[in-house]
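**Q** Following this message is one structure expressed as structure tokens.
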Amino acid sequence: MARFIAALAFVGATYTAFSPGIYADEPTDSALTLDEQRGKEIFDQSCISCHGPDAQGVEDRGPSLIGVGSAAVEFQVNTGRMPMARQEAQALRKPPMFTPEQAAFLGAYIQAIGGGPEVPEDVDLDNLEGADVANGGTLFRVNCSSCHAFSTGGGALSSGKFAPDLHPASAVEIYQAMLSGPQNMPVFADNQLTPDQKRDLIAYIKYIQDDQAQGGWDLGAFGPSTEGLAIFLVGIVALALATLWIAGKS
């Protein structure tokens, strides 16, 4: 019996000594870079209550951040969608609580502990010259217009959710959204839309947003609803004036 217990103890000690720990892939504080350490400090102060001490989420509060990457973190934080003030059907864009630098620190920390998509450094989003706007238009109509509308003004979805207006979004934010697929949006990985195609698509969005309405008053660019209402109101007023004019003549 003593030999059996000794053998079990030996096997247990050997396994403990040579097997990887549960959190072996999670870097220690000393292994983090300065930016990642700063991100951890922000996370521990502002995010831990919903996403947990190991960023693996808290039930009924916040999802796991393992694998979401810096793209998702920076998008959510820079657009003010995170932290959420309260649980809603969809996080709304609002003034951010953190600076872009702090968001980058947070993104670096989450990237370090869990990996995930990040915006490639070699993709130039500050200068969209040379991008194929026509190709971007085709890609937008095929992949985006059904939710965001042809005018990029957004639209209603089911269960109180909606596709947001793209006018306030920067080129970097649009790229990050395509990589991370926030909320109802699908993920457009590089095997679905290459970095160059994403850049073309962003160039098209910015082109139509900057383009003036060459046909005159665009009525908010909401489409046939506002156009039909305008025609109806103009027609009613015209008929009323015509009726008054005829009555005055008789």
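**Q** Of the residues Val73, Val119, which is of a type outside the set (Ser, Thr, Tyr), touching a residue at least 12 places away in the same chain (Cβ under 8 Å) and not in a helix (DSSP H, G or I)?
**A** Val119
**Q** For the structure I just gave you, tell me whether Ala85 is assigned to a loop (DSSP other than H, G, I, E, B) and not assigned by TED's automatic domain parsing to the domain that holds Tyr207.
**A** It is true that Ala85 is assigned to a loop (DSSP other than H, G, I, E, B) and not assigned by TED's automatic domain parsing to the domain that holds Tyr207.
**Q** Kindly check whether there is at least one residue in the stretch 28-35 that is in a helix (DSSP H, G or I), touching a residue at least 12 places away in the same chain (Cβ under 8 Å) and out of contact with any strand residue (DSSP E or B) (no Cβ under 9 Å at 6 or more places or on another chain).
**A** Yes, the conditions are met somewhere in the stretch 28-35.
**Q** Check the stretch 155-168 and report whether any residue there is at pLDDT below 95 and among the hydroxyl-bearing types (Ser, Thr, Tyr).
**A** Yes, that holds for at least one residue.
**Q** So, in the stretch 146-173, exactly how many residues are part of a helix (DSSP H, G or I) and surrounded by fewer than 16 Cβ atoms within 10 Å (Cβ to Cβ)?
**A** 1
**Q** Let me ask something else. Exactly one of these conditions fails for Val68: (1) touching a Leu at 6+ places or on another chain (Cβ under 9 Å); (2) buried (at least 18 other Cβ atoms within 10 Å of the Cβ); (3) over 15 Å from Phe98 (Cβ atoms). Give me its number.
**A** It fails just one condition, (1).
The values are calculated or read from the model by the stated rules, or taken from the named source; none is laboratory data. What you see is a predicted model; the values in this text were computed from it and never measured. Quick reminder, even Gly has a Cβ in these numbers, built from the backbone with ideal geometry, and neighbours come from all protein chains shown.
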